[in-house]
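J.: A single structure is presented below for examination.
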Amino acid sequence: MTTPRADLLAHQLDIIWALFEYHVRELDDAACLWEPSPNSWTVRQDLSGRWVADWRVPEPDPVPTPTVGWLTWHIGYWWTTTAGHCFGAGAPEREAIAWPGGAQAATRWLRGLKDTWRAGLLALTDEELDSAGRTAGLPWGEGQPLGNVAAWVNVELAKNVAEIGSVLLSRRAHGGASATSP
């Protein structure tokens, strides 16, 4: 039996995820790598063929415009890290989290993370949602109750999915083909 708060968080996740699924219907490799501005962050293959994300600390000002590939990597990065700390034994360093190398692979990766996160959420008790025990070591939200971190996951996912949609709309407006175009 799940708790009403865990059910609510999972329901919000499902609504946000439906928007992700709407956007990925037209996602292909070219759309993932389309750069919406001359100053874009993307994912690139390194000399070994591994896909790495552009990143700089501190972030430049202005922050570069992300590609869909970068956005899907970013979702995978923070979700891998958050799930690893909240439902596992920790998470790899950011540099160890690579983009899977294509629209279909990225979609599968994110679907797996969503399924893992959703299952973890639904197993939580109210006591666990109110506890900060599972957020120890989390780079963002450390010391916050897990319920607050779970709510942040939904907000962050909604923001990133909306950004994916915005980049795809911009690509289409600039003459980029979509997978659903004739």
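The values are calculated or read from the model by the stated rules, or taken from the named source; none is laboratory data. In this text the structure is predicted, and so the values were computed from the model without any measurement. Virtual Cβ from ideal backbone geometry, glycine too; neighbours counted across all protein chains shown. Note: accessible area is taken over every heavy atom of the protein model, side chains too, but ligands, DNA and RNA are not part of it. Shrake-Rupley method; radii C 1.70, N 1.55, O 1.52, S 1.80 Å.
J.: Tell me the chymotrypsin sites (Phe, Trp or Tyr not before Pro) within the stretch 85-182 that lie in a loop according to DSSP and have at most 14 other beta-carbon atoms within 10 Å.
T.: Within the stretch 85-182, the qualifying chymotrypsin sites (Phe, Trp or Tyr not before Pro) (loop, at most 14 other Cβ atoms within 10 Å) are W140.
J.: Next question, about the same structure. Grab the Cα-Cα distance for V52 and Q104, subtract it from 0.36 nm times how many residues apart they are, and report the gain in nm with one decimal.
T.: Working it through step by step, the gained length comes to 17.0 nm.
J.: Same structure again: Can you tell me the mean projection area, over all orientations, of the convex hull of the chain's alpha carbons? Units nm², please.
T.: Averaged projected hull area, Cα only: 11.4 nm².
J.: How high is the relative contact order of the chain, in percent, counting Cα pairs under 8 Å that sit 6 or more residues apart?
T.: 30
J.: Binning at 5 Å from 0, report for the stretch 56-143 what percent of all alpha-carbon pair distances ends up in each bin.
T.: With a bin width of 5 Å, the distribution comes to 3, 13, 20, 22, 18, 13, 8, 3, 0.
J.: Taking R0 as 30 Å, what FRET efficiency do you get between H11 and A132 from their Cβ-Cβ distance, rounded to the nearest 0.05?
T.: So the FRET efficiency works out to roughly 0.80.
J.: Sticking with this one: Percent of accessible area on the chain owned by carbon and sulfur, 1.4 Å probe?
T.: Ligands and nucleic acids excluded, carbon and sulfur reach 56 percent.
J.: What are the ³J(HN,Hα) couplings of the stretch 49-56, residue after residue, when phi is run through the Karplus curve with 6.51, -1.76, 1.60 and θ = phi - 60°? Round to Hz, x for glycine and proline.
T.: Coupling constants for the stretch 49-56: x, 7, 7, 10, 9, 4, 6, 8 Hz.
J.: Determine the dipole magnitude for the chain: charges of +1 sit on the beta-carbon of Lys and Arg, -1 on that of Asp and Glu, nothing else is charged, the reference point is the Cα centre, and the result goes in debye to the nearest 20.
T.: It works out to roughly 400 debye.
J.: Sticking with this structure for a sec: With a 1.4 Å probe and every protein chain left in place, work out the accessible area per residue of the stretch 97-150 in Å², rounded to a whole number.
T.: 46
J.: Of the GluC sites (Glu not before Pro) in the stretch 79-173, which ones lie in a loop per DSSP and count no more than 11 other C-beta atoms within 10 Å?
T.: Loop-located and lightly packed - E93.
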